[in-house]
Amino acid sequence: MKNISVILCCHNGAQRLRPTLEHLAKQKLSAMLSWELVFVDNASTDGSADVVRQLWAEMMPVGTLKVVAEPKTGLIHARRAGIVAAEGDLVVFCDDDNWLQDDYLQIAYNLLTDHPEYGAVGGRGIAVADMPLPAEWAEWEGDYACGRIAAESCVCDYRRSLFGAGLATRRALMQKVFAAPFVLCGRQGTVLTSGDDSEICDRIMLAGYHLYYEERLVFQHYMPNERLTDTYHHRLLQGFEQMYGQLEHYSAAIVYGRMTRWQLLQESCRRIGSVLLRHNGRSLYKLKVFLIHGLGLMCLADDIAKQIRNVQKIMK
């Protein structure tokens, strides 16, 4: 039995693996703790699995290596395969372009051990690129799982999400989280669907746990040049926009679960009216997002809402 399992999901990321593995190999952990790297080869065609075996043998870290294959593309499918294969009491999600600071695993372990009320802990990402970051980066960085999600370390349930990059949680809780089909499946190759990180966090909150943001948990997030363009960022926003209406059902389940249908209708109308009154020149995109949030509360009878009610039963 391991104390920690790092689940590293990879789809054709052979060229990105060396710095990711180097940072994992340098983790400073108490001698009393054992950990493993669960590498999930998500339908790669570039020999990623062979590369990770070769590099891990070259680096000879303390952690052991386990390689599993997931032929169905999609980050949710890959993470589910990692959870099934993991042996650690705690799990940490690490993408193939995430470089965890050398004390990351130890800090995450201490937080989750000392605070049983935390369902997941997450940190802040620092962008690393081969070219200067765009002038708009201060506005964009949160869309790329970078920057701070709060001004200081705190319980951040109000935000309903932590970055999936570097997310640390409990394996037993993740087994519940992944027991029911997901509404969203995450990135699939070059398709920029989003929201799977938020759906994981929503399910954690449905189980009665808190989300905690920790300033000391730091990772670098490598950004290839093609991600730093207006075109890519626009596609990223489109992926976010597609998820809002679906994820709003989770908000209803978490925040409004005790309301009657009539009360929900009243609250929906109040929120929509409030948005319209406060529009004051907001961009059409922003207005559409807020309207979707309000309208989402009025759709609790559809298939997605039924699916989320099933999730509620599992998470209890």
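The values are calculated or read from the model by the stated rules, or taken from the named source; none is laboratory data. No experiment lies behind these values; they were computed from the predicted model shown. Every residue, glycine as well, gets a Cβ built from its backbone with ideal geometry; the counts of neighbours run over all protein chains shown. Ligands, DNA and RNA are excluded from the accessible area calculation, which covers all protein heavy atoms including side chains. Shrake-Rupley method; radii C 1.70, N 1.55, O 1.52, S 1.80 Å.
Restricting region 45-70 to residues that are of a type in the set (Ser, Thr, Tyr) and surrounded by fewer than 20 Cβ atoms within 10 Å (Cβ to Cβ), the residue that is farthest from Asp196 (Cα to Cα) is Thr64. Does at least one position in region 180-188 carry a residue that is surrounded by 17 or more Cβ atoms within 10 Å (Cβ to Cβ), more than 14 Å from the chain's Cα centre (by Cα) and at pLDDT below 95? Yes: region 180-188 contains one or more residues that are surrounded by 17 or more Cβ atoms within 10 Å (Cβ to Cβ), more than 14 Å from the chain's Cα centre (by Cα) and at pLDDT below 95. Looking at Thr73, Thr113, just one residue is open to solvent by 30 Å² or more (accessible area, probe 1.4 Å), of a type in the set (Val, Ile, Thr) and within 20 Å of the chain's Cα centre (by Cα), and that residue is Thr73. Residues in region 189-211 that are at pLDDT below 85, within 11 Å of the chain's Cα centre (by Cα) and of a type in the set (Gly, Ala, Ser): Ser194, Gly195. Of the residues making up region 7-64, those that are in a helix (DSSP H, G or I) and of a type in the set (A, V, I, L, M) are Ala14, Leu17, Leu21, Leu24, Ala25, Ala49, Val51, Val52, Leu55, Ala57, Met59.
So, in region 71-117, how many residues would count as being closer than 21 Å to Leu173 by Cβ and free of Cβ contacts under 8 Å to residues at least 40 places away in the same chain? Number satisfying all stated conditions: 5. If you go through region 130-156 and keep only what is surrounded by fewer than 16 Cβ atoms within 10 Å (Cβ to Cβ) and acidic (Asp, Glu), you end up with Asp130, Glu136, Glu139, Asp143, Glu152.
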